[in-house]
Amino acid sequence: NETETEALVGILPKDDETCIAASKILKERSDCKYVVLKMGDKGSFIYGDDICQMVPTFKVEAVDPTAAGDCFTGVLVKQYAETKDIV
């Protein structure tokens with residue numbers, strides 16, 4: 001998320017420019033294919049060699065946010081494993 005990204009790279013991702021800068025650093029440090037920054041109600045920023053895109057959220061009525069990040073990650077990984085499409 002934004003707070004953890006800032007703690008790791010010293011850049012608070014708040015717009016395309018800062019998301020790109022932070023993602024580049026994270027990608028270089030981790031040698032991963034993609035970086036996904038969760039941006040709360042703004043959506044998620046996805047960065048990789050072939051993508052640089054903000055994916056917006058859709059409105060829901062949240063009942064309980066407990067484990068929302070775990071659910072997000074689980075669905076993202078499952079979808080990518082099945083389709084090889086990060087978006």
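Read the figures in this text as sums done on the coordinates, not as results from a lab. Computed from a predicted structure; not experimentally measured. Reconstructed Cβ throughout: ideal geometry from the backbone, glycine too, with neighbour counts over all protein chains shown.
Highest mean packing comes first when the peptides 36-48, 60-72 are listed by Cβ atoms within 10 Å, giving 36-48, 60-72.
Only lysine pairs 8 or more places apart, or on different chains, with alpha-carbon atoms under 14 angstrom apart are counted in the chain, and they number 5. Take segment 5-81, drop everything but the C-alpha atoms, weight them equally and run the Debye formula without solvent; then report log10 I(q)/I(0) at 0.13, 0.26, 0.27, 0.28 Å⁻¹ to two decimals. Scattering profile of segment 5-81, log10 relative to I(0): -0.42, -1.37, -1.40, -1.43.
Across segment 1-28, no residue has a backbone nitrogen under 14 Å from the label position 7 Å along the beta-carbon direction of Gln79. The residues packed around Lys78, meaning those with a beta-carbon under 13 Å from its beta-carbon, carry a net charge of -2 if Lys and Arg are +1 and Asp and Glu are -1. Label point of Lys24 set 7 angstrom out along Cα-Cβ; within segment 40-56, amide nitrogens under 15 Å from it belong to 47-53.
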